[in-house]
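These notes concern the structure reproduced below.
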Amino acid sequence: MQFPRLHPDTIEEVKQRADIYEVVSEHVVLRKRGKDFVGLCPFHNEKTPSFSVSPGKQMYYCFGCQAGGNAIKFLMELEKRSFSEVVLDLARSYSISVQTLEPEQRQELQRQLSLREQLYQVLEVTANFYQHALRQPQGQLALDYLQSSRQLNQETIGQFELGYAPAGWETLYRYLVDVKRYPVGLLEQAGLIRQRQSGDGYYDYFRDRLMIPIHDPQGRVIGFGGRTLGDEQPKYLNSPETEVFSKGKTLFALDKAKAAISQADRAVVVEGYFDAIALHAVGITNAVASLGTALSLNQVRACLRYSESKELVLNFDADTAGTQAAQRAIGEIADLAYQGEVSLRILNLPAGKDADEYLRSNSPEHYRELLKTAPLWLDWQIQQIVANRDLKQASQSQQVADGMVKLLKKISDGNQRNHYIRHCAELLSLGDARMVSMWADNLLTQIAPVNSYRQSILTKKRQQHKTQSLPVAGDRTLLEQAEAILLRIYLHCPEHRQAVSDALLERDLQFSLSHHRFLWQQILDLMAENNISQVSHSVAATQTQVDLISSLQVRCLEFEIEMAQVSYLFHLDEKTQHEHLLRATQVIQAATACIERVMCEKRCRQYLKKWEEIDSSKEPEDQKLYHDLFCQEQQRLQELDRQRQFSLTDLI
Ligand SMILES: [Zn+2]
C-alpha cells in the first residue's frame with residue numbers, strides 16, 4: 001500500500017496521545033524504578049536490564065546500545081516500519097481520525113481502517129445474536145448447563161455475555177446476510193462462516209455450542225470460544241485467526257480483570273474459560289485465562305503491564321501437573337522467570353481440582369489464601385525434584401542433586417542463583433549444618449556458570465582471535481589476569497598460599513609482569529622477615545592475612561610508584577571473593593595453566609622462527625632439533641588447553 005502524506009494535525013495528535021509506557025510495555029516487560037521504568041532491551045541481547053523508559057520525558061533510552069527516542073521511533077525501529085505506517089497504526093489504536101493531505105487518498109485509507117471497525121461491529125452483533133438465542137427454547141439445554149453444571153447466576157451469564165450458537169448449518173449466516181445485510185466476505189474475514197468444500201455456499205463455523213465471547217483489553221468482541229453440549233470433538237472450539245483475533249496474543253477476561261490486576265498488583269492465569277468466570281463470579285477479579293495454548297510472551301506482557309511488581313500466579317490443573325506439564329504451560333515465560341524479570345508463582349489446587357471445581361466446595365477466602373502462599377516457580381520446581389525421594393539414601397540424594405544442578409544452571413541472575421544454591425544445599429543436608437557448605441560446594445562445582453573470570457578470559461580469547469596479528473597484546477592481558485588472580489588468592493586466602501607456591505614451582509613459572517614480580521618479591525621478603533608460615537589454620541589464618549596485607553600497605557609508602565599498580569589487589573569485594581576464591585584449587589590450576597600457556601606459545605614462536613630460518617641443506621640436524629622442540633611445545637599447548645578448559649568449566 002502506498003502511504004498517503006499525513007496531515008500535520010494528525011501526526012501531532014498521535015504524538016500527544018501515544019504514551020511511551022503504553023507503547024513500550026506491549027513489547028517489553030517493564031518494572032518501575034524511581035520515576036522511570038526499566039526492562040530488557042529489545043534492540044540488543046542482554047541479561048540484565050539497561051533499557052529505560054521515562055514517562056515524564058516520553059522517551060526511551062538504552063544504556064547498553066544507546067537506542068533511544070519517542071514512542072513512534074520505538075515502533076519504527078522495533079518493527080522496521082515507516083513513519084507513516086507507525087503513525088497510522090497508532091492513530092487506529094487511539095481512535096484518532098486520520099486526515100491526509102490528498103483527499104482522494106483519504107477514502108482508500110478510511111476503507112482500510114474501517115475493515116477492523118466493521119469486524120468489531122459484526123462480531124458484536126453476533127455476540128448479541130448468540131445471547132438472544134440462549135434465551136430461546138433452542139438454547140434451553142445450554143442455559144441449563146450454565147446454571148446447573150456450572151452453577152452460574154444470571155448476573156455472571158450476563159456479565160460475560162454468554163450465549164448459544166443454534167444447531168443448523170446456516171442460522172447465523174442467514175441472520176447476518178439476509179436480515180442484517182452484511183457482506184459475505186466480511187463474515188468470512190471475521191471467522192464466523194466457512195466456505196463449503198464441495199459446491200458453493202457457506203456454513204456457520206459454530207453450531208450447537210455454548211458460546212463465550214472473547215474481548216480485547218478495550219472490551220471489543222474479537223472472537224469466540226464455543227463449548228460442545230454433547231460428545232462432539234473438539235470440546236472447545238476457538239475462532240480462527242483473523243485480522244482482529246490472535247489466540248497467542250489474547251487472554252480471556254483481561255478486559256474485566258485489568259483494573260483488579262492493577263489493584264492487587266498480581267495477575268492470576270487459569271487454563272479454562274470457566275475457571276476464569278468462576279473466579280470472577282466469587283469476586284476474585286484479577287483472573288484471566290490462556291486460550292488453551294502455552295503462555296506466550298505477548299500474553300504475559302499484556303497482563304503484566306497492569307502490575308507493577310510483575311507477579312503472575314499460574315493456576316493449572318494439578319492432575320496433569322509434574323514439571324513437564326508446568327514447563328509446557330509456562331512456555332516462553334521461563335526465560336523471563338530465570339532472569340528474574342517476572343515473579344512467577346505456581347498454584348496447584350488440592351486433589352487435582354481446577355479453580356471452577358475447587359470453588360464449588362470451598363470458599364473464595366480459601367482460594368485467596370492459597371494464592372498468597374503459592375510457591376515461586378523455582379521453589380516449586382525444587383519441591384517437585386525433592387518430592388517422594390529419600391535423601392538419606394546416597395543414590396537418591398545424588399539424583400536429587402543432579403536434578404537441582406540442571407535447574408540451577410538455568411538461573412542467570414547471580415544473586416538469585418546463589419540464593420537457590422544455598423537453599424538446595426540446605427535441603428540436601430537434611431538439617432545437618434556442617435553439611436551445607438559441602439553440598440553448596442558440590443552444586444557450585446557442577447553448575448559451572450559463566451562467571452566473570454571465565455567470561456573475561458573468554459572475551460580476551462575472542463579479542464585475541466580478532467586481532468590475530470597482535471597475539472602478544474592478547475597474551476599480556478591474559479597473563480595480567482591470571483597472575484593477578486594468583487596474587488589475590490595468595491593475599492586473601494592463607495589456607496591456599498602453599499598451593500599457589502607449589503603450582504608455580506611445579507610448572508617452573510615466574511611472575512612475568514614487572515609490577516607483579518615486584519609485589520611477589522615484597523611478599524616473599526615479608527613472609528621471611530616475619531616468619532609467617534604459609535600453611536596457616538583457623539583463627540591464625542585471618543590474622544596472618546590481615547598482617548600480610550597491612551605490612552604490604554606500609555611498604556606502599558616506601559615504593560609508591562611500584563605499588564600503585566598492584567594495590568588494588570589488596571581489596572576484595574564480596575562478589576570477587578565468592579567467584580574467585582571459593583573454588584581456589586581449580587582457579588589456581590586454571591590460572592597457572594594460562595600463564596604456562598603464554599610462555600609455551602612464546603617458545604613455540606621462537607622455535608618456529610628458527611626452524612624456518614635454517615637452511616636445511618646446510619644444517620639438517622639443527623633443523624630437526626627445532627622441529628622437534630616446536631612439536632613438543634605444540635603438544636604441551638594441547639595438554640594445557642585441556643587442563644585450562646577442564647579447570648575453567650569446573651570453576652564455580
Ligand atoms: Zn539496547
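Tabulated results
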| read-out | value |
| --- | --- |
| Amide H contacts of L314 (H built 1.01 Å from N, under 5 Å, at least 5 apart or other chain) | V269, R345, I346, L347 |
| Computed P(r) (all Cα pairs; the range 281-429; 5 Å bins; percent) | 2, 8, 17, 20, 19, 16, 10, 6, 2, 0, 0 |
| Angle in degrees between helix 414-429 and the longest Cα principal axis of the chain, rounded to the nearest 10 | 80 degrees |
| Degrees, to the nearest 10: 364-373 long Cα axis against longest axis of the chain | 20 degrees |
| With Cα atoms, 0 to 90° folded angle of helix 433-447 axis to the chain main axis | 80 degrees |
| Solvent-accessible area of R5 with every protein chain in place, 1.4 Å probe, in Å² to the nearest 10 | 150 Å² |
| Efficiency of FRET between A394 and E241 - r from beta-carbon atoms, R0 56 angstrom, step 0.05 | 0.55 |
| Once the Cα gyration tensor of the range 229-289 is diagonalised, semi-axes √(5λ) in Å | 24, 16, 8 |
| Computed lengthening from S309 to Q107, 0.36 nm per intervening residue step minus Cα-Cα distance | 68.2 nm |
| Filter on K353/K410; K310/K409; K15/K247; K47/K249 - keep pairs with C-alpha separation over 27 Å | K353/K410; K15/K247 |
| Rg over Rh, two decimals, the chain (C-alpha only, Kirkwood Rh) | 1.11 |
| Amide H within-cut-off set for I214, under 5 Å, with H built and near neighbours excluded | I222, G223, F224, G225 |
| Simple Cβ-charge dipole of the chain, Lys/Arg +1 and Asp/Glu -1, about Cα centre, in debye nearest 20 | 640 debye |
| Residue (of F160, V282, L314) at the positive-pole extreme of the chain, dipole from beta-carbon charges | F160 |
| For the chain, share of DSSP beta bridges that run antiparallel, in % to the nearest 5 | 70 percent |
| For N238, distant residues with modelled amide H under 5 Å away | G226 |
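The values are calculated or read from the model by the stated rules, or taken from the named source; none is laboratory data. This one's a predicted model, so the numbers in the text were calculated from it and none came from an experiment. No Cβ is skipped: glycine too gets one built from the backbone with ideal geometry, and neighbour counts run over all protein chains shown. Keep in mind that these areas ignore ligands, DNA and RNA; they rest on the heavy atoms of the full protein, side chains included. Shrake-Rupley method; radii C 1.70, N 1.55, O 1.52, S 1.80 Å.
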